[in-house]
Amino acid sequence: MEHLKTALISSFAIWLSTPATASNDFVPIYEKAKFEELVVGRTLRLGLFGVELTVSNDGTIAGKAIGSDVSGTWSWEDGLFCRTMDWSGYEIEYNCQLVEASADQKVRFTVDGGKGRSGTFSIR
């Protein structure tokens, strides 16, 4: 069970363990106001891990992943979404991520300022 939690934390820490790919369907979001308009107060859903998160305007993140609570904080720094989270007692390290949005109500977060792996959420 411990190795499963470690693997899930690693995957969840980057929102989803898929390689970042170029896509014309996604447009980068560099302005905090545009990010807040699109994401804040809405549910971000990633079905693969049963993830449902809400990013609030008070700088908090709350939700569930694989049936366990997720909490965290976020800020907007130099055009990037920066966050730290806790998943069921496991710390998910601070990371700043490129945010991109698509016309079909999806948002993609790419770790390491857009240079790492990415995860795509449905916006509800």
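The values are calculated or read from the model by the stated rules, or taken from the named source; none is laboratory data. Predicted model only: the values in this text are computed from it and were never measured. Neighbour counts are summed over all protein chains in view; Cβ atoms, including those assigned to glycine, are modelled from backbone coordinates with ideal geometry.
Which members of the stretch 76-91 meet the condition of being more than 16 Å from G59 (Cα to Cα) and crowded, with 18+ Cβ neighbours inside 10 Å?
Matches in the stretch 76-91: W87 only.
Out of the stretch 69-112, which residues are more than 18 Å from G41 (Cα to Cα), in a strand (DSSP E or B) and charged (D, E, K, R)?
E77, D86, E91, E93
So for the stretch 78-90 (the condition being more than 21 Å from I29 (Cβ to Cβ), among the small types (G, A, S) and at pLDDT below 95), does at least one residue qualify?
Looking through the stretch 78-90, at least one residue is more than 21 Å from I29 (Cβ to Cβ), among the small types (G, A, S) and at pLDDT below 95.
Tell me whether the stretch 32-43 contains one or more residues that are within 19 Å of S118 (Cα to Cα), modelled with pLDDT under 95 and touching a Phe, Trp or Tyr at 6+ places or on another chain (Cβ under 8 Å).
No, because not a single residue in the stretch 32-43 is within 19 Å of S118 (Cα to Cα), modelled with pLDDT under 95 and touching a Phe, Trp or Tyr at 6+ places or on another chain (Cβ under 8 Å).
Looking at the stretch 10-22, can you tell me whether even one residue there is touching a Gly at 6+ places or on another chain (Cβ under 9 Å) and either modelled with pLDDT of 95 or more or farther than 16 Å from T120 by Cα (or both)?
No - not one qualifying residue is present in the stretch 10-22.
Scan the stretch 68-91 and give yes if some residue there is among the aromatic types (F, W, Y), closer than 17 Å to A33 by Cα and in contact (Cβ under 8 Å) with a residue 60 or more places away in the chain, otherwise no.
For the stretch 68-91, residues among the aromatic types (F, W, Y), closer than 17 Å to A33 by Cα and in contact (Cβ under 8 Å) with a residue 60 or more places away in the chain: absent.
Restricting to the stretch 92-121, name every residue that is loosely packed, with under 15 Cβ neighbours inside 10 Å, touching a residue at least 40 places away in the same chain (Cβ under 8 Å) and closer than 24 Å to D69 by Cβ.
Scanning the stretch 92-121 gives a single hit, E93.
Of all residues in the stretch 57-68, which are in a loop (DSSP other than H, G, I, E, B) and either surrounded by 14 or more Cβ atoms within 10 Å (Cβ to Cβ) or in contact with a helix residue (DSSP H, G or I) (Cβ under 6 Å, 6 or more places away or on another chain) (or both)?
Selection gives I66 alone.
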